Structure formats: C-alpha cells, structure tokens
Amino acid sequence: MRTAGCGYSARPMNGGRLAGKVALITGAANGLGRVAAELFAAEGAQVVIGDVIDASAAVDAIRVAGGVAASVPLDVSDDASVAAAVAHTVATFGGLHVLYNNAGISPADDDGPVNTSDATWDAVLDINVTGVARCCRHGIPAMLESGGGSIINVASFVAHVGAATPQIAYTSSKGAVLAMTREIATIYARQGIRVNALCPGPVLTPLLAKFLSDDDKRQRRLVHIPMGRFGEPIEIAKAALFLASDDSSFMTGQSLLIDGGITAAYTTPD
Ligand code: NAD
C-alpha cells in the first residue's frame with residue numbers, strides 16, 4: 001500500500017500549473033489528500049494541510065522536495081475550527097484560491113439501512129457532508145477576496161452506482177456531495193469560483209484497506225473493476241490537479257470519475 005509520495009521532487013521550470021495559487025487541503029496528513037498536497041506543491045502551489053491528526057511529516061516531505069507548505073489543526077466537524085483554518089491559510093500565504101475538500105470517513109459499523117444506527121449516520125454526514133458545507137461557508141468569502149478559484153469536493157464512485165456491500169451512510173453522504181457541488185457551482189459561476197466533485201474509485205489508502213484485509217477480499221473487489229486493479233493515489237491527485245488548475249477553466253458543477261471503468265461497466269473482461 002502506497003499512500004505517501006507522489007514521485008514529483010522538484011518545481012517545474014515554468015513555476016508549475018498552480019504557480020501563484022494558495023491551496024487548503026482538508027484531511028491531507030494521510031491518504032489521497034497527502035499525495036495531492038505533494039503534487040500541488042510540486043506544481044507551484046503554496047499548500048496548507050488541515051487535519052485532525054499531526055501533519056508535520058507531510059509538510060516536511062513537501063519542504064524537503066523544495067515546495068512550500070504549512071499545516072493547521074482542522075476538524076471539519078467543528079465550525080470554529082474550519083473558520084480558524086481558513087483564517088490561518090489567508091494569514092500565512094495571503095489568500096485562498098484552491099479549496100480541496102478531501103476529508104472523509106467510512107466507519108466499519110456503517111452497514112445496510114436496517115442495521116445502521118443514527119449515531120453512525122450522524123457521524124458520517126457531519127464530516128462527509130456538513131464538513132464540506134462548513135469549508136465552503138468559510139472558504140468562499142476568502143476565495144472571493146482572493147479573486148476567485150476552484151473548489152474540489154471529494155465524493156466517490158458510490159455516488160453514481162449502488163453496491164451490494166453496504167455502507168449506506170457513506171454512500172448517501174457522497175450523493176449529497178454531488179448535489180451540493182452542483183448548487184454551489186451554479187450560485188458562484190459568475191463570481192469566479194468553480195466547484196467540481198472528484199469521484200475516485202477504490203484506492204488502497206487506510207480508509208479502504210481496513211475493509212480489504214486479506215487477498216480473498218481484495219480479489220472479490222477487483223472482479224468489478226474493468227482495469228483489474230486498484231487506483232493509485234497519484235492517479236486521483238492528477239485529476240485533482242486538473243480541477244484545481246486553469247486547465248479546467250470552463251468546467252464547473254461536474255463530477256469527474258476516476259474509477260478504472262467501474263461505472264462504465266455492466267460486466268468485466270475475463
Ligand atoms: P484516509 O482515511 O486515508 O485519509 C483521510 C484523512 O482525513 C486522514 O488524514 C484523517 O485524519 C482526515 N480526517 C478524518 N476526519 C477528519 C476531520 N473531521 N477533519 C479533518 N480531517 C479529518 O482516506 P482517503 O482514502 O485518503 O480518503 C480521502 C477522501 O477520498 C475521502 O473523502 C474518501 O471518502 C474519498 N474516497 C476514497 C476512496 C478510496 O478508495 N480510498 C474512494 C472514493 C472516495
């Protein structure tokens with residue numbers, strides 16, 4: 001399992017596709033967010049990593065590679081914490097242009113509709129949905145002050161297709177992220193803020209790896225992926241880079257699926 005290290009070690013000669021931009025990435029001490037933070041920094045962004053866990057290793061890795069990064073304690077389930085993280089980002093680097101709402105949870109007791117408790121529903125929706133809304137609540141005014149930018153909300157392929165492996169609160173939360181993305185995109189389309197959802201397929205970060213603890217479980221999951229493999233964190237980060245950068249300048253309110261063909265398929269090749 002590889003969740004850290006995007007393989008990019010130096011700034012591009014032209015300053016990079018995110019040169020001059022300040023990016024706040026939530027949940028980036030680990031997993032997909034960390035690899036995106038490294039790629040964004042390698043492409044010239046000044047990156048702030050917000051997480052409930054210590055992010056110093058992620059920040060150090062970016063600095064060693066020649067990038068610019070800082071960290072801030074952030075709990076997206078706490079409105080005051082989100083406000084403080086956005087304020088810290090602006091105070092540290094002078095603005096906010098890219099808000100990458102990546103933090104999310106997938107608890108083991110999230111099950112089918114009959115067996116999932118209110119407590120689990122509330123915990124998942126509070127972080128995966130209201131957490132995104134809180135970050136937009138505080139991030140959008142800072143982005144408007146900065147002249148606009150790009151918001152990337154992380155959903156999932158399960159927002160598009162149902163799975164017999166139940167995780168009903170998680171799946172519902174990611175569907176809500178898609179709906180929220182379309183509406184915020186529409187509201188701010190004429191004010192220079194683009195908002196898109198990024199929908200990864202399965203990637204063996206800690207979030208997913210805990211459910212696929214043995215080879216048999218992993219093989220059963222792979223049967224449903226036309227490409228026959230899990231995604232790599234860098235493959236998700238490159239899509240996030242496209243959404244963050246001006247390369248996607250006429251794209252807003254969309255859902256970008258990076259899923260090895262899962263949502264295109266009815267059956268998979270032998
Ligand atoms: P991960 O568990 O490896 O990392 C998630 C990070 O979010 C961790 O660093 C964690 O500390 C942080 N976090 C958790 N709660 C937080 C909170 N309240 N405030 C701030 N940070 C918090 O997960 P990942 O696989 O890297 O997932 C990142 C995003 O991608 C999530 O939104 C997830 O739902 C989504 N996603 C992942 C996959 C996959 O296969 N890994 C597939 C589709 C979507």
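Once segment 162-181 is narrowed to residues that are within 21 Å of Ala265 (Cβ to Cβ), of a type outside the set (A, V, I, L, M, F, W, C) and part of a helix (DSSP H, G or I), the residue that is farthest from the ligand (Cβ to nearest atom) is Gly175. Looking at segment 194-207, can you tell me whether even one residue there is more than 13 Å from the chain's Cα centre (by Cα), modelled with pLDDT under 95 and surrounded by fewer than 16 Cβ atoms within 10 Å (Cβ to Cβ)? The answer is yes; a qualifying residue exists. Taken over segment 88-125, the criterion of being out of contact with any helix residue (DSSP H, G or I) (no Cβ under 6 Å at 6 or more places or on another chain), within 16 Å of the ligand (Cβ to nearest atom) and open to solvent by 50 Å² or more (accessible area, probe 1.4 Å) is satisfied by His88, Ala108, Ala119, Asp122.
In segment 40-63, the residues that are at positive phi form Cβ pairs under 7 Å with partners that are modelled with pLDDT under 95 and open to solvent by less than 40 Å² (accessible area, probe 1.4 Å), at six or more places apart or across chains, as follows: Gly44/Gly15.
Please find, within segment 41-87, the residue that is farthest from the chain's Cα centre (by Cα) out of those that are of a type in the set (Ser, Thr, Tyr) and within 12 Å of the ligand (Cβ to nearest atom). In this case the residue turns out to be Ser81.
Residues that are assigned to a helix (DSSP H, G or I), of a type outside the set (Gly, Ala, Ser) and within 13 Å of the ligand (Cβ to nearest atom) within segment 182-221 comprise Pro206, Leu207, Leu208, Arg218, Arg221, listed in sequence order. None of Thr120, Thr89, Thr116, Thr130 is under 20 Å from Leu241 (Cβ atoms) and in contact (Cβ under 8 Å) with a residue 40 or more places away in the chain except Thr89. Checking each residue of segment 161-180 against the condition of being open to solvent by less than 20 Å² (accessible area, probe 1.4 Å), within 15 Å of the chain's Cα centre (by Cα) and among the basic types (Lys, Arg) gives at least one match.
Applying the criterion of being touching a residue at least 40 places away in the same chain (Cβ under 8 Å) and not hydrophobic (A, V, I, L, M, F, W, C) to the residues of segment 184-201, the residue that is nearest to Gly27 (Cα to Cα) is Pro200.
Residue count for segment 212-270 satisfying the condition of being of a type in the set (Gly, Ala, Ser) and over 18 Å from the mean Cα position of the chain (by Cα): 6. Filtered by the rule that a residue be among the β-branched types (Val, Ile, Thr), free of Cβ contacts under 8 Å to residues at least 60 places away in the same chain and within 23 Å of Ser77 (Cα to Cα), segment 133-169 gives Ile140, Ile151, Val158, Ile168.
The values are calculated or read from the model by the stated rules, or taken from the named source; none is laboratory data. Just so it is clear, the structure is predicted and the values come from calculations on it, not from any experiment. Glycine gets a Cβ as well: all are built from the backbone with ideal geometry, and neighbour counts include every protein chain shown. Ligands, DNA and RNA are excluded from the accessible area calculation, which covers all protein heavy atoms including side chains. Shrake-Rupley method; radii C 1.70, N 1.55, O 1.52, S 1.80 Å.
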